[in-house]
Amino acid sequence: MITECEGIVVKQTKILKGRRMILLLTDRFGKISAGTSVSERGKSRSALAIRPFTVGRYQLRKNRGFTDITSGETVKSYFELSENYDKFLSASLAVELTSKALPEEAPAGDIYAALIEFLDMMLRRSRNLTTLTNAYMVKLLQAFGVFPEANDFRGSELLLTLDSDIVNVLMFLRGNPLSRVEKLALDDEISARLLRFLIRYAEAHLDIGRLKSALPLEESSKGQP
């Protein structure tokens with residue numbers, strides 16, 4: 001069976017005989033692991049489309065339980081994010097969190113759209129990147145149905161550590177779309193504390209294990225109260 005979809009390349013891994021495994025987050029099918037014989041070193045449209053942080057249109061072939069990418073065409077590249085260390089860390093956290101939380105081949109159109117919106121906004125952002133990262137993490141927690149409800153703040157040990165400033169920001173981010181946050185800049189101290197909380201909360205409530213891309217972000221915020 002051959003089908004087409006749009007997706008973003010999350011990860012690329014070399015395997016045997018020149019083949020590669022590509023982890024895609026797609027608009028129609030959610031997370032897909034697919035093999036390909038396309039070489040990243042070439043200059044063809046398909047070669048460019050299998051690079052990480054690339055959005056492309058892909059032709060997929062399914063056969064006997066395996067999925068192959070037979071061709072691809074770049075729609076947009078977010079390579080520019082990798083040229084800015086802080087933006088790269090924020091984008092990597094968002095992509096890792098999204099890919100770990102999504103089950104294989106489960107429809108996730110709204111989540112995919114939110115991720116692309118976040119990456120577009122991150123490209124345009126020049127400062128206060130953590131504000132935008134926090135907003136995206138809140139939206140993802142909402143999408144998976146694990147964002148804390150009002151009653152949870154009285155019964156969770158983790159939530160009880162939050163002061164009213166953090167709770168108020170959480171409620172604001174919950175009630176507003178990502179686009180409302182694009183020009184918002186939270187206080188650096190509050191933003192750093194909120195990020196540390198959201199990382200711990202996501203790891204615990206989405207059952208995703210440790211987020212590797214969170215480590216350098218947490219290190220950079222340790223000096224803040």
**Study point:** the stretch 92-154 and the stretch 174-206: distance between their alpha carbon centers, rounded to Å
**Key:** 10 Å
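Once you order the gyration tensor axes a ≥ b ≥ c over the Cα atoms, which shape class does the stretch 2-77 get: rounded for a/c under 1.5, otherwise prolate or oblate by comparing a/b with b/c?
Rounded, since a/c falls under 1.5.
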Check your understanding: Which entries in the list Lys11/Lys31; Lys11/Lys87; Lys76/Lys139; Lys11/Lys212 go over 21 Å, if you measure between the two C-alpha atoms of each?
Key -> Lys76/Lys139
Practice item. Would you please put 133-142, 57-66 in order of how densely packed they are, using the mean number of other Cβ atoms within 10 angstrom per residue and starting with the highest? Key: 133-142, 57-66
Practice item. Go through 173-186, 91-104 and give me the packing order, highest mean Cβ count within 10 Å leading. Key: 91-104, 173-186
Check your understanding: How high is the relative contact order of the chain, in percent, counting Cα pairs under 8 Å that sit 6 or more residues apart?
Key -> 17 percent
Practice item. About the Cα centre of the chain, how large is the charge dipole given +1 on each Lys and Arg Cβ and -1 on each Asp and Glu Cβ? Please answer in debye to the nearest 20. Key: 1120 debye
Check your understanding: Considering only the other residues whose Cβ falls under 15 Å of the Cβ of Gly175, what net charge follows from Lys and Arg at +1 and Asp and Glu at -1?
Key -> +2
Practice item. Could you list Lys14, Lys76 in order of exposure, starting from the residue whose Cβ has the fewest other Cβ atoms within 10 Å? Key: Lys14, Lys76
Review point. According to the square roots a ≥ b ≥ c of the eigenvalues of the Cα gyration tensor, what is the shape class of the stretch 87-199, taking rounded for a/c under 1.5, prolate for a/b larger than b/c otherwise, and oblate for the remainder?
Key: oblate
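Each reported figure results from applying straightforward, stated rules to the coordinates on display, with no laboratory input. Model, not experiment: these values are computed from the prediction. Every residue, glycine as well, gets a Cβ built from its backbone with ideal geometry; the counts of neighbours run over all protein chains shown.
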